[in-house]
Every structure is written in C-alpha cells, then in structure tokens.
Amino acid sequence: MRWTIAAFLLGFALTCWADDAGQIKTASGTAFVERDGQRLPARVGMPVRQSDTLITGADGAAGVTFTDNSLLSIGPNSVLAIDSYTFDSTTHRGQFDSSLRKGTLAVISGKLVKQSPDAMRVRTPSSIMGVRGTEFVVRVEEPGN
Amino acid sequence: MAAIAIGVLIALLAGCASKTVDTVVVLPDPQGRTGTVVVQRGDERHVLDQPYAASRPGAPVARLSAAEVRQSFGATLEALPARPTSFVLYFVTATDELTEGSKGELQKVLAALKLRGVPDVVAIGHTDTVGDAATNDRLSAQRAERVKGFLVEIGIPAGRIQTAGRGERELLVPTASNVDEPRNRRVEINVR
C-alpha cells in the first residue's frame with residue numbers, strides 16, 4: 001500500500017498540472033468554463049483553475065478530476081463556482097471551496113478530505129456543507145420549480 | 001405607513017428572490033461505505049451519515065431510495081470522471097521484458113484503459129538491487145518507456161503519458177544490495 005501512495009505522490013509531482021486545480025474529463029452538450037469574464041467551451045482535457053465557473057445549458061453536463069483526486073460533476077442547467085482550491089501534493093493539505101449556484105452537483109471527495117476533514121466545503125445559496133470524506137449529490141432549485 | 005408597507009414588500013421580494021430550495025443526499029461508495037456530510041442551513045443543522053440520507057430545508061433528515069437518486073441525479077452522476085486507479089506490471093531480471101504473468105495482466109490493463117475517455121497516465125519504473133545504481137536508473141526508465149509504448153499502441157496520446165525511472169530507490173520489498181527480488185522489478189501505472 002505504501003508504495004502505491006508514494007507512486008501517486010510522485011505521479012502528482014510529475015504532472016504538469018502544477019498551476020491547475022484540475023482537468024475537464026467529461027463534457028457533453030452545452031458546457032462552458034467562465035474565466036476572467038470569458039466563456040470558453042468546455043472540452044475534455046481543458047484545465048480548470050481556481051476562480052473558474054462551470055456552466056451548463058439544458059442539454060449539458062461536465063465532470064472534473066482535481067489534482068487531489070476529488071471528482072466533481074454538474075448536470076444540466078447548472079452553475080458551479082470554484083471559489084478556491086489549494087492542494088499540497090506532499091502533505092495533502094489545502095482547501096477546496098466551491099459554490100453550486102443552481103442545478104445539480106455530484107462529488108466524490110479526494111485526498112484533501114482524507115488528510116483533513118473540513119478541507120472541503122460546498123456552498124449553495126442557502127446552505128454550507130462540511131464534507132468528511134464521502135460521495136454525495138446536491139440540487140439547488142428555484143422556488144416554484 | 002406606506003413607506004413601511006413598501007419596505008416590507010421589498011424585504012419579502014428580496015427574501016423570495018434569494019430563497020432557493022436545496023437537497024443534499026449522501027451516497028454509499030462502491031465498497032458500500034458512507035461518509036458524512038454536515039449541512040448547515042441557517043440555524044438548521046443536518047448530519048448525513050447513512051446511505052441515501054437526504055437533507056431538505058425545514059424537514060427532518062429523510063432516506064431516499066437508490067432509484068430516486070438515480071432518477072433525480074442520473075445525468076449528473078453519469079458525468080463523473082472515472083475514478084483514479086493504478087496497476088503494476090513486473091519484469092524479467094535485467095530486461096525491459098514483461099514476465100509471463102504480467103503479459104496477461106497487461107491485456108487487462110489495456111482493456112481497462114480503453115474504457116476510460118481521456119486518461120492521464122504516469123508510468124514509474126523500478127528495479128531490484130542487482131547491478132549498480134546508474135545501470136538501474138537507466139533500466140527503470142527503459143521499463144517505464146516500454147510500458148508507454150504499449151499504451152501509445154492502443155491509442156493513448158503520448159502527450160498524456162509521463163514516465164519516470166526511480167532505479168532502486170523505491171523498493172517494494174526492502175532488500176540488501178545485489179538481491180534478485182522479482183517484486184521490485186516493476187512499473188507502476190497511475191491513471192486518472
């Protein structure tokens with residue numbers, strides 16, 4: 001087991017994702033990454049950075065693998081902001097904050113949460129979630145929907 | 001009076017505009033374990049630590065069925081990237097040739113990788129402690145490159161595969177120098 005972890009660590013050190021929080025791994029339908037006021041079509045392999053916002057249309061969905069192995073995906077008509085992301089691949093410490101403004105989100109937490117519970121927080125307009133290592137889904141609906 | 005009425009109306013409208021209804025559901029992982037999510041919604045606090053436990057505003061924690069979750073979140077869950085995984089292949093002493101056992105294993109690894117959309121791969125080569133350090137550095141890098149070759153053959157872009165040789169620095173089975181240890185002659189393949 002120990003060598004597997006060591007290998008993963010080395011793997012992260014070797015990847016060229018150093019400045020990136022993660023990478024888009026799945027994208028379908030209308031899906032964008034909003035960065036510095038620009039909307040870039042979400043494509044598989046595209047980096048995701050802190051302060052990016054992921055946006056999907058009625059037919060859209062997208063999934064991101066983060067450098068700590070957290071996996072996040074959003075379904076149709078969704079807006080997810082990556083508020084802040086830091087991950088130290090040596091100590092596994094850092095902080096991951098994101099906000100689901102609307103739509104649906106699925107999360108599989110990664111090494112950040114394994115290292116320190118409370119390293120990951122997900123907000124909605126009305127809630128804040130503390131994540132202690134798990135898989136979960138979130139939906140934000142407008143009233144009347 | 002009118003000012004107060006307008007004030008109340010504005011407050012109500014503002015309240016409406018910002019009020020969304022959120023649902024949070026924790027799911028069991030593939031091993032059947034469920035973690036914990038704590039939902040804080042103003043003064044309301046829900047601790048979700050049972051499979052399919054669901055939090056909605058103004059209601060006690062409920063349990064959904066797997067089918068209900070699939071219906072509500074199917075498209076979202078389908079968009080989740082494949083889980084990061086890793087494989088190990090073993091080599092014949094002093095060569096970059098796979099052992100007979102690992103030749104079979106390689107086919108399984110390749111089949112698994114073909115199922116993943118766009119994998120990022122890190123292949124890290126290792127040796128046992130037979131031979132000098134410089135030779136082993138070279139050999140471990142060769143082994144990793146050999147694995148990269150197999151992956152490129154099945155269509156994984158070379159740019160998505162990184163290789164490294166660790167020589168005899170990271171022994172899986174710690175040994176003295178000059179010990180022939182098959183489990184140390186390996187390449188670890190990390191995929192995400």
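Across q = 0.15, 0.20, 0.26, 0.30 Å⁻¹, the stretch B:46-93 modelled as identical point scatterers on its alpha-carbon atoms has Debye log10 I(q)/I(0) values of -0.60, -0.83, -1.02, -1.09, in the order of the q list. Normalised radius of gyration (Cα atoms, divided by 2.2 N^0.38 Å) for the stretch A:48-118: 1.11. Cross-link list A:Lys25/B:Lys108; A:Lys114/B:Lys19; A:Lys102/B:Lys114: which exceed 31 angstrom alpha carbon to alpha carbon? Cα-Cα > 31 Å for A:Lys114/B:Lys19; A:Lys102/B:Lys114; rest within.
According to the calculation over all Cα-Cα pairs in the stretch A:79-145, the P(r) per 10 Å bin from zero is 21, 52, 22, 5, 1 %.
Give me A:Arg132, B:Arg63, B:Arg138 ranked fewest to most by other Cβ atoms within 10 Å of their Cβ, as a rough exposure proxy.
Details: A:Arg132 19, B:Arg63 11, B:Arg138 15.
Lowest to highest Cβ neighbour count: B:Arg63, B:Arg138, A:Arg132.
What value, in deg cm²/dmol to 500, does the helix sum -39500 (n - 2.57) over DSSP H runs of n ≥ 4 give at 222 nm once divided by the residues of chain B? Rounded to the nearest 500, it is -11500 deg cm²/dmol.
Over the protein assembly as shown, the alpha carbon radius of gyration divided by the compact-protein estimate 2.2 N^0.38 Å works out to 1.17.
To the nearest 20 debye, what is the magnitude of the charge dipole of the stretch B:85-191 about its Cα centre, counting +1 on the Cβ of each Lys and Arg and -1 on the Cβ of each Asp and Glu? Don't skip to the answer; put the middle values down first.
Values: 14 positive and 15 negative charges, 91 e Å.
Dipole of the stretch B:85-191, to the nearest 20 debye: 440 debye.
Across chain A, counting alpha-carbon atoms alone, Rg and Dmax equal 15.0, 53 Å.
Quick one, can you get me the convex hull of the C-alpha atoms of the stretch B:47-192 expressed as volume per residue in Å³? Before the final figure, lay out each step's value.
Numbers: hull volume 23.7 nm³, N = 146.
Convex hull volume per residue, Cα atoms: 162 Å³.
For the stretch B:85-191, the share of DSSP beta bridges that are antiparallel, to the nearest 5, is 70%. Taking only the C-alpha atoms of the stretch A:24-80, Rg followed by Dmax gives 10.1, 29 Å.
Let me spell out the model: positive unit charges on the Cβ of Lys and Arg, negative unit charges on the Cβ of Asp and Glu, origin at the Cα centre of chain A. What dipole size does that give, in debye rounded to 20? Don't skip to the answer; put the middle values down first.
On the way: 15 positive and 14 negative charges, 55 e Å.
Dipole about the Cα centre, nearest 20: 260 debye.
All of the numbers you see were taken from the coordinates with simple rules; none came from a lab. Just so we're clear, the structure is a prediction, and the values are computed from it rather than from any experiment. Don't worry about glycine lacking a Cβ; one is built from the backbone with ideal geometry, like all the others, and counts go over all protein chains shown.
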